[in-house]
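Here's the structure we're looking at; comments come further down.
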Amino acid sequence: MEDILKRLGNVEADVSELKLNVNTVMATIPHLATKADVKDLRTEMEIQFGSLRADMSAQNGSLRAEMAARETAFIKWMIATVLTAAGLAFTFAKFVH
């Protein structure tokens, strides 16, 4: 009989622990997201990513244009530098010779 009472005491302790765990879970459930919340979040993220892609595309085009302008300016500068160096070389050669 003593063994049964001991086991019954263990069962009661386990049931009390389970009640605490269930109460903790029940307190957490209202704060969890539902399928509708996740769907709304997914839709909102798709809209944000679409907007971000459009902005990146527009910036990409302007960056390409700016890079092309800088490349053109650099090429012009190099041509002017080469012509100036050649002119100086010929002038120097004319005076030395």
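Taken over the range 31-56, the criterion of being assigned to a helix (DSSP H, G or I), loosely packed, with under 10 Cβ neighbours inside 10 Å and either of a type in the set (Ser, Thr, Tyr) or in contact with a strand residue (DSSP E or B) (Cβ under 7 Å, 6 or more places away or on another chain) (or both) is satisfied by no residue.
For the range 66-97, a residue qualifies if it is at pLDDT below 90 and assigned to a helix (DSSP H, G or I), and the qualifying residues are Phe95, Val96.
The values are calculated or read from the model by the stated rules, or taken from the named source; none is laboratory data. Values in this document were obtained by computation on a predicted structure and should not be read as measured data. Using ideal geometry, Cβ is built from the backbone for each residue, glycine included, and neighbour counts are taken over all protein chains shown.
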